[in-house]
Amino acid sequence: MVEPNPSKGVAFCMLTNLIWGVVPIYWKQLNHVPYLQLLCHRIVWALPTLLLFLLATRQLHVLHHALCDWNLVLRYASSSLLLGASLFTTLWAVNAGHIVDLSLAFFVFPLLNVLLGIVFLGERLRRYQWVAVGCATIGVLVVGISYGHVPWIALGIGFIFSIYGLVKKLAPLDPVTGVTIELTLLAIPAAVYLVACRSVFGHDNLTTDLLLVGAGVFPTAIPYVLFSAAAQHISMTWLGVLQYIQPSIQFCIGVYLYNEPFTTAKLVGFILVWVALVMFTIESILWHRHKTASLASNVVDEIQVVVKSPVGSELCDGAREGAIFFHLSKNHVWHGIATPKSTSQGTSVVSSPRSSFLTNDATFVGECT
């Protein structure tokens with residue numbers, strides 16, 4: 001398993017959602033391409049992109065060992081199916097005129113992340129987080145009522161992405177290798193289909209061909225690697241918070257750029273979801289700061305370390321038969337070289353401080369220079 005790094009996870013997740021937020025504009029340029037062909041091109045061109053990345057980072061051997069482990073390959077087969085389903089449904093929603101529905105799907109998605117985190121990972125929500133989740137749920141229900149039917153598009157896409165995020169969080173391999181295995185499993189049938197059918201590629205114009213090739217890079221390979229990395233570094237709760245960026249951008253694109261229908265009732269529902277997002281985020285930030293402050297207050301106020309050197313050994317600046325002395329406190333760190341004098345307890349006494357500096361936190365560093 002990858003060692004969690006929350007800072008990286010937040011950065012990866014934000015960048016992923018910024019890219020996915022503007023992707024509908026990209027797919028609109030390819031709305032004359034059949035959905036299944038477009039899906040296959042995404043997969044086929046994404047794979048060499050990732051292979052080149054692995055080659056550049058000298059990680060191809062990791063992929064080779066992973067592909068030789070059939071148990072591991074079978075484990076990633078399930079996530080590859082989820083990946084393919086998510087790729088297809090987003091393409092269909094955009095080019096079928098359901099960008100606003102797609103944005104609703106990704107408003108539902110974080111709520112499902114929270115649910116899966118509680119059920120499968122034992123994550124717990126605090127009081128005000130529950131209030132935020134409840135507010136967002138009401139907002140989604142209001143939007144659904146405004147449709148006059150169950151919002152199957154939103155619920156379906158949200159459910160697919162939530163399960164995919166959970167599977168990736170439990171994945172044993174690094175994100176790039178994992179996504180490459182998934183695309184490898186999908187690329188074989190995708191390539192066969194493109195060869196067998198009358199593909200648009202090579203029979204339309206140069207712009208279409210370039211966009212089809214680029215479909216495997218910008219909207220597919222890059223964001224999926226970032227999303228996989230985020231899922232391994234941060235909790236499902238944080239994934240739920242940050243992924244509201246994507247549907248907010250898509251909402252604006254659908255309503256203001258492509259003039260999709262948007263009623264007052266839908267607006268009320270979206271406002272409730274946005275209020276929940278603000279509430280959830282503020283509560284999470286305040287709790288994180290409180291937890292950090294509590295940990296800092298529990299640090300030992302002062303630590304003193306004496307490391308004796310063997311008789312006759314040479315220390316810093318040619319000192320002999322002494323000891324390297326470290327004195328660490330919560331706000332002050334210094335160290336020095338001990339002379340060969342002895343105390344009644346048999347330890348050396350420091351006589352020449354080597355460095356002294358203040359710290360603003362509980363992280364201490366000392367060295368003999």
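Worth pointing out:
- Residue list for the range 243-269, restricted to those being farther than 13 Å from F107 by Cβ and in contact (Cβ under 8 Å) with a residue 24 or more places away in the chain: I253, V255, L257, Y258, E260, P261, F262, T263, A265, V268
- Test: L15 is modelled with pLDDT of 90 or more, in contact with a Ser or Thr (Cβ under 7 Å, 6 or more places away or on another chain) and in the same structural domain as F106 (by TED's automatic domain parsing): no
- Exclusive hit being of a type outside the set (S, T, Y) and outside any loop (DSSP other than H, G, I, E, B), set H32, H61: H61
- Tally, over the range 252-268, of residues that are touching a helix residue (DSSP H, G or I) at 6+ places or on another chain (Cβ under 8 Å), in a helix (DSSP H, G or I) and surrounded by fewer than 24 Cβ atoms within 10 Å (Cβ to Cβ): 6
- When N71, N31 are screened for being touching a residue at least 24 places away in the same chain (Cβ under 8 Å) and surrounded by fewer than 14 Cβ atoms within 10 Å (Cβ to Cβ), only N31 passes.
- Of the candidates V143, V192, the single residue that is closer than 26 Å to C68 by Cα, in the same structural domain as V278 (by TED's automatic domain parsing) and over 22 Å from the mean Cα position of the chain (by Cα) is V192.
- Among the candidates I249, I222, residue that is part of a helix (DSSP H, G or I), within 21 Å of H98 (Cα to Cα), of a type in the set (V, I, T) and in the same structural domain as V94 (by TED's automatic domain parsing): I249
- The condition (being surrounded by 23 or more Cβ atoms within 10 Å (Cβ to Cβ) and not β-branched (V, I, T)) is satisfied by just one residue among S78, S103, S86: S103.
- Among the residues listed as L87, L83, L102, the single one being modelled with pLDDT of 85 or more, within 18 Å of G254 (Cβ to Cβ) and within 22 Å of the chain's Cα centre (by Cα): L102
- Annotation note: of T177, T184, T208, the sole residue that is in contact (Cβ under 8 Å) with a residue 60 or more places away in the chain and under 16 Å from the mean Cα position of the chain (by Cα) is T177.
- Of all residues in the range 187-205, those satisfying the criterion of being of a type in the set (A, V, I, L, M) and in contact (Cβ under 8 Å) with a residue 40 or more places away in the chain are A187, A190, A191, L194, V200.
The values are calculated or read from the model by the stated rules, or taken from the named source; none is laboratory data. If you're wondering where the values come from, they're calculated on a predicted model, not measured in any experiment. Reconstructed Cβ throughout: ideal geometry from the backbone, glycine too, with neighbour counts over all protein chains shown.
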